[in-house]
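A.B. asks: Got a structure for you, written out below as structure tokens; questions coming shortly.
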Amino acid sequence: MKIETWYQHNFESQLEGRYISLKHIKPLLEKYQDIFSISSAGTSELGNDIPKITLGKGSNKILAWSQMHGNETTCTKAIFDFFKFITNNELFKDEISHFLKNNTLVIIPILNPDGAIAYTRENANGIDLNRDAIDLSQKESVVLRNVFNEFQPHLCLNLHDQRTIYGLDNGLPATVSFLSPAADKNRSVNNSRIESMKQIVKINKILQQYIPGQVGRYDDTYNENCVGDSFQKNEVPTILFEAGHYKTDYKRETTRKFIFYSFLSLFDMIPNDKEDIDYEDYFLIPKNKTNYRDLILRDVKLDQSSNHATVVMQYEERLINGAIDFIPVVETVDDIDDIYGHYEPDPAASQFLLNSQKKK
């Protein structure tokens, strides 16, 4: 059976949509209590538990954390897809056995449980945990650093979502992006960066089979306050995952599949051409551009005049009754040619009414 077929029938259906909090994953943690080692890594600023899951007994140590930003949930769903894969007893037995024998994987599925509940990027104190690597001012930051120091991983996976604004020069959206974080202001290519670059190249080779031309490279400007940059500076190879947009997949149920495939590629659980991996191919992955918006109305007639313009809108994500609603907000009304829209209705077939809400 191909992995695509397995996934279609076996992804973790108990997790869906953009809103994922501890409440949603607790039943699954209970399900895996007797299979994995599940413990508490610590507590958040509001006293919520930060669970830690350990699987495998190998010498190669991998540390991964998701929802450092509470409203970035796609990789969390993919993590539980991976758990379902790793615990299936019928297929891919050799690949799973090899992975568990040679690796120890520690995962923090929700590092920022307070932000997850509120569906905010920041934690309960309004702090971006990914800018707290030096100060370690927040309990969640200390939890991650303690796990890092105690576990002493050989590879770190920093799992995030990126906004729908990111696309590539070819006019396609950046559905998945990666970064080998810089270790200094000069963006030197040290040994840890080379290793993470190699792993990204390996993942990209697989993803090109599924989303050709839709894998991007995230900006590598150095910031010592960012966790990935800090770990890379400590000579631990670190990979930033950025789950992005695919067609009309605003719930990111399709993107989670590509993150799942990325995990399998990284962990050598699907065939990879290891002999043909050159870290310099990392720089051939196109850089992300902010050349996409959610909704674009082109050639819109303004008021009663004969003038026409382009109306650009972004969706504002709001947590309403336990689900995420997408509210279109006008960003600009201008003549714009270098921005793509995820949805661009045909102006010849539609009429639009815009409330300018100008102050009198």
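The values are calculated or read from the model by the stated rules, or taken from the named source; none is laboratory data. Because the structure is predicted, anything quoted here is derived from the model rather than measured. As a convention, Cβ positions derive from the backbone with ideal geometry for all residues, glycine included, and neighbour counts pool all protein chains shown.
A.B. asks: Applying the selection to region 238-254, what residues are farther than 15 Å from Tyr166 by Cβ and buried (at least 24 other Cβ atoms within 10 Å of the Cβ)?
C.D. replies: Initially, region 238-254 is screened for residues farther than 15 Å from Tyr166 by Cβ, giving 238-239, 248, 251, 253-254.
Correct list: Thr238, Ile239.
A.B. asks: Please find, among Lys93, Lys77, the residue that is within 20 Å of Met269 (Cα to Cα), in the same structural domain as Arg131 (by TED's automatic domain parsing), surrounded by fewer than 18 Cβ atoms within 10 Å (Cβ to Cβ) and not polar (S, T, N, Q).
C.D. replies: Numbers: Lys77 fails: surrounded by fewer than 18 Cβ atoms within 10 Å (Cβ to Cβ).
Selected residue: Lys93, the only one of Lys93, Lys77 that is within 20 Å of Met269 (Cα to Cα), in the same structural domain as Arg131 (by TED's automatic domain parsing), surrounded by fewer than 18 Cβ atoms within 10 Å (Cβ to Cβ) and not polar (S, T, N, Q).
A.B. asks: Could I ask something else about it? Please work out if Leu264 is more than 30 Å from Asp135 (Cα to Cα), more than 19 Å from the chain's Cα centre (by Cα) and in contact (Cβ under 8 Å) with a residue 24 or more places away in the chain.
C.D. replies: Values: more than 30 Å from Asp135 (Cα to Cα): yes; more than 19 Å from the chain's Cα centre (by Cα): no; in contact (Cβ under 8 Å) with a residue 24 or more places away in the chain: yes.
No: the conditions fail for Leu264.
A.B. asks: For region 297-318, state whether one or more residues are under 22 Å from His245 (Cα atoms), of a type outside the set (A, V, I, L, M, F, W, C) and loosely packed, with under 14 Cβ neighbours inside 10 Å.
C.D. replies: Yes, region 297-318 contains a residue that is under 22 Å from His245 (Cα atoms), of a type outside the set (A, V, I, L, M, F, W, C) and loosely packed, with under 14 Cβ neighbours inside 10 Å.
A.B. asks: Would a scan of region 35-45 turn up a residue that is surrounded by 19 or more Cβ atoms within 10 Å (Cβ to Cβ), closer than 27 Å to Glu316 by Cβ and in contact (Cβ under 8 Å) with a residue 60 or more places away in the chain?
C.D. replies: Checking region 35-45: at least one residue is surrounded by 19 or more Cβ atoms within 10 Å (Cβ to Cβ), closer than 27 Å to Glu316 by Cβ and in contact (Cβ under 8 Å) with a residue 60 or more places away in the chain.
A.B. asks: Right, something else. Identify, please: which residue in region 204-250 is hydroxyl-bearing (Ser, Thr, Tyr) and in contact with a Phe, Trp or Tyr (Cβ under 8 Å, 6 or more places away or on another chain) and is, among those, farthest from Asn60 (Cα to Cα)? Lay out the reasoning, then the answer.
C.D. replies: First, the residues of region 204-250 that are hydroxyl-bearing (Ser, Thr, Tyr): 210, 218, 221-222, 230, 238, 246, 248, 250.
Now restrict to residues that are in contact with a Phe, Trp or Tyr (Cβ under 8 Å, 6 or more places away or on another chain): 210, 218, 238, 246, 248, 250.
On the way: Tyr210: 28, Tyr218: 26, Thr238: 14, Tyr246: 33, Thr248: 38, Tyr250: 36 Å.
The selected residue is Thr248.
A.B. asks: Same structure again: Select from region 3-37 the residues that are among the charged types (D, E, K, R) and either in a helix (DSSP H, G or I) or over 19 Å from Ile110 (Cβ atoms) (or both) and list them in ascending order. Show your work before the answer.
C.D. replies: So in region 3-37, the residues among the charged types (D, E, K, R) come out as 4, 12, 16, 18, 23, 26, 30-31, 34.
If the condition is that a residue be among the charged types (D, E, K, R) and either in a helix (DSSP H, G or I) or over 19 Å from Ile110 (Cβ atoms) (or both), then Glu4, Lys23, Lys26, Glu30, Lys31, Asp34 are the ones that fit.
A.B. asks: For region 263-279, indicate whether the set of residues that are under 19 Å from Gln162 (Cα atoms) and either at pLDDT 95 or above or acidic (Asp, Glu) (or both) is non-empty.
C.D. replies: In the first step, residues of region 263-279 are kept if they are under 19 Å from Gln162 (Cα atoms); the result is 263.
Narrowing further to those that are either at pLDDT 95 or above or acidic (Asp, Glu) (or both): 263.
Yes, because at least one residue in region 263-279 is under 19 Å from Gln162 (Cα atoms) and either at pLDDT 95 or above or acidic (Asp, Glu) (or both).
A.B. asks: Can you name every residue in region 89-110 that is of a type outside the set (D, E, K, R) and part of a helix (DSSP H, G or I)?
C.D. replies: Residues of region 89-110 of a type outside the set (D, E, K, R): 89, 91-92, 96-100, 102-110.
Within region 89-110, Ile96, Ser97, His98, Phe99, Leu100, Asn102 meet the criteria.
A.B. asks: Among the listed residues Leu100, Leu155, Leu136, Leu179, identify the single one that is over 28 Å from Tyr7 (Cβ atoms) and touching a helix residue (DSSP H, G or I) at 6+ places or on another chain (Cβ under 8 Å). Please lay out each step first, then the result.
C.D. replies: Working: Leu100 fails: over 28 Å from Tyr7 (Cβ atoms); Leu155 fails: over 28 Å from Tyr7 (Cβ atoms); Leu179 fails: over 28 Å from Tyr7 (Cβ atoms).
Every option except Leu136 fails the conditions.
A.B. asks: On to the next question. For region 325-360, which positions are of a type outside the set (Asp, Glu), modelled with pLDDT under 85 and in a loop (DSSP other than H, G, I, E, B)?
C.D. replies: Correct list: Ile336, Ser350, Gln351, Phe352, Leu353, Leu354, Asn355, Ser356, Gln357, Lys358, Lys359, Lys360.
A.B. asks: Can you tell me which residue among Leu136, Leu105, Leu144, Leu111 is at positive phi and out of contact with any Cys (no Cβ under 6 Å at 6 or more places or on another chain)?
C.D. replies: Leu136
A.B. asks: With the structure loaded, tell me whether Ile259 is crowded, with 22+ Cβ neighbours inside 10 Å and at pLDDT 95 or above or whether it fails that test. Don't jump to the end; show me each part of the working.
C.D. replies: Working: crowded, with 22+ Cβ neighbours inside 10 Å: yes; at pLDDT 95 or above: yes.
Considered against the rule, which asks whether it is crowded, with 22+ Cβ neighbours inside 10 Å and at pLDDT 95 or above, Ile259 comes out as yes.
A.B. asks: Can you pull out the residues in region 45-67 that are hydroxyl-bearing (Ser, Thr, Tyr) and either under 23 Å from the mean Cα position of the chain (by Cα) or not assigned by TED's automatic domain parsing to the domain that holds Ser21 (or both)?
C.D. replies: Selection gives Thr54, Ser66.
A.B. asks: Quick one: Gln199 ticks every box in (1) in contact with a Leu (Cβ under 7 Å, 6 or more places away or on another chain); (2) assigned to a helix (DSSP H, G or I); (3) more than 29 Å from Tyr7 (Cβ to Cβ) except a single one, so which number is it?
C.D. replies: Every condition holds for Gln199 apart from (3).
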